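Structure below; questions to follow.
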Amino acid sequence: MSKLKLWNEHASWEQAEHAWDEKAKACATEHPIKGLKTLPDMPGITPETAKNLKWKSFKWMLTQDHLGEVRRGFFHHPWKYGWAYLKSLFKKKSFRRDGDFFLYGIKDIDHFKTLLEKPEALFVVGFSYCHKPFECPSGRFTEACIHDPDHPVCRQCFIGKAVNAMPDENAVPLFIPTVHYIGGKIFEIVHNNPGKKVIFLITACEMTLEMFGDWGNMVGIQGIGVRLDGRICNTMKAFELSEKGIKPGLTVVLEPTQKLILDLIKHFREKHYL
């Protein structure tokens, strides 16, 4: 069980963030963890991998859906989802891009913020397992995360900080081991919350954001994919291994991008709960 989110114990965002960061510095001195300062050293998607990427995505989603996570969601509204998927396929790109942010169904960051302000907004924030620290107490290739503010690893982890900053209501953190897991969860959240407007922000490598944007457009949700850096997947082989939990390298959210993510969480929190 996770403890009370640290942000709930402070009167303002600034006080909470200062308290988090100061303790994180102390933990980094007393219990340093590996890899968080690793600089990016992988090129982007290889030219060979970039060929027919939409087809590769379609094939992967169909042939590897062993638990039926995506299939069950799709057949909830097959005609609606099928038509939306086909429309997205015929677009050259399933997204707009603004730096490390891939924008799905939105014009820009300001548009995203207006969606977060809506009273019916349900903010889904997903974190790829591959930027969990090697020392993660919950394990890396898993949907679990304790985000314990008193744990020295969680305190140094950006995921721990972001989840503690999220409000308890109308905000759903997800920890993503595979694309089928997040696909199934998105279907589940949409179908179980008919009065809500699902808005997402999900971290993933560039290749995943390129491959699976059409599937998000199929469900009709709007949001942002955050590009990871570091030891990303840039070939199909690396992606396939990663989907099986074979990921010896660590990916990172770069510090300027971390700040942008936290600013969006802050915006949602303050518009609804302050």
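The values are calculated or read from the model by the stated rules, or taken from the named source; none is laboratory data. Remember, predicted model here, so these are calculated numbers, not experimental data. Ideal geometry is used to build each Cβ from the backbone, glycine not excepted, and the neighbour counts take in all protein chains shown. Areas reflect the complete protein model, heavy atoms only, side chains present, ligands, DNA and RNA absent. Shrake-Rupley method; radii C 1.70, N 1.55, O 1.52, S 1.80 Å.
Tell me the strands (runs of 3 or more DSSP E) entirely within the range 46-163 that contain at least 1 residues that are of a type in the set (Ser, Thr, Tyr) and surrounded by 17 or more Cβ atoms within 10 Å (Cβ to Cβ). Show your work before the answer.
Numbers: elements: 96-98, 101-104, 121-128.
In the range 46-163, 101-104, 121-128 are the strands (runs of 3 or more DSSP E) which contain 1 or more residues that are of a type in the set (Ser, Thr, Tyr) and surrounded by 17 or more Cβ atoms within 10 Å (Cβ to Cβ).
Can Pro167 be described as open to solvent by 30 Å² or more (accessible area, probe 1.4 Å) and not in a helix (DSSP H, G or I)?
On the way: open to solvent by 30 Å² or more (accessible area, probe 1.4 Å): no; not in a helix (DSSP H, G or I): yes.
Against the criterion (open to solvent by 30 Å² or more (accessible area, probe 1.4 Å) and not in a helix (DSSP H, G or I)), Pro167 does not qualify.
Check the range 6-18 and report whether any residue there is at pLDDT 90 or above, open to solvent by less than 40 Å² (accessible area, probe 1.4 Å), polar (S, T, N, Q) and part of a helix (DSSP H, G or I).
No - not one qualifying residue is present in the range 6-18.
Output the residues belonging to the range 137-150 that are touching a helix residue (DSSP H, G or I) at 6+ places or on another chain (Cβ under 8 Å) and under 15 Å from Ala24 (Cα atoms). Spell out the reasoning first.
Pass one, the range 137-150, residues touching a helix residue (DSSP H, G or I) at 6+ places or on another chain (Cβ under 8 Å): 137, 140-143, 145-149.
Scanning the range 137-150 gives His147, Asp148, Pro149.
Let me ask something additional. When you look at Leu250, is it open to solvent by less than 20 Å² (accessible area, probe 1.4 Å), within 27 Å of Ala165 (Cβ to Cβ) and at pLDDT 95 or above, yes or no? Don't jump to the end; show me each part of the working.
Working: open to solvent by less than 20 Å² (accessible area, probe 1.4 Å): yes; within 27 Å of Ala165 (Cβ to Cβ): yes; at pLDDT 95 or above: no.
No, not satisfied.
Could you list all residues from the range 210-247 that are assigned to a helix (DSSP H, G or I), polar (S, T, N, Q) and either over 22 Å from Ile159 (Cβ atoms) or open to solvent by 30 Å² or more (accessible area, probe 1.4 Å) (or both)? Step through it out loud before you land on a result.
Our first condition is that a residue be assigned to a helix (DSSP H, G or I); within the range 210-247, this holds for 210-219, 236-242.
Then keep just the ones that are polar (S, T, N, Q); that gives 217, 242.
Result: Asn217, single match.
Out of the range 254-263, which residues are modelled with pLDDT of 95 or more and closer than 23 Å to Phe212 by Cα?
Once the filter is applied, which keeps residues that are modelled with pLDDT of 95 or more and closer than 23 Å to Phe212 by Cα, the range 254-263 yields Thr257, Gln258, Leu260, Ile261.
Going by the conditions given, is Val124 farther than 22 Å from Asp21 by Cα, in contact (Cβ under 8 Å) with a residue 60 or more places away in the chain and among the hydrophobic types (A, V, I, L, M, F, W, C)? Can you show your working first?
Values: farther than 22 Å from Asp21 by Cα: yes; in contact (Cβ under 8 Å) with a residue 60 or more places away in the chain: yes; among the hydrophobic types (A, V, I, L, M, F, W, C): yes.
For Val124, the condition - farther than 22 Å from Asp21 by Cα, in contact (Cβ under 8 Å) with a residue 60 or more places away in the chain and among the hydrophobic types (A, V, I, L, M, F, W, C) - is met.
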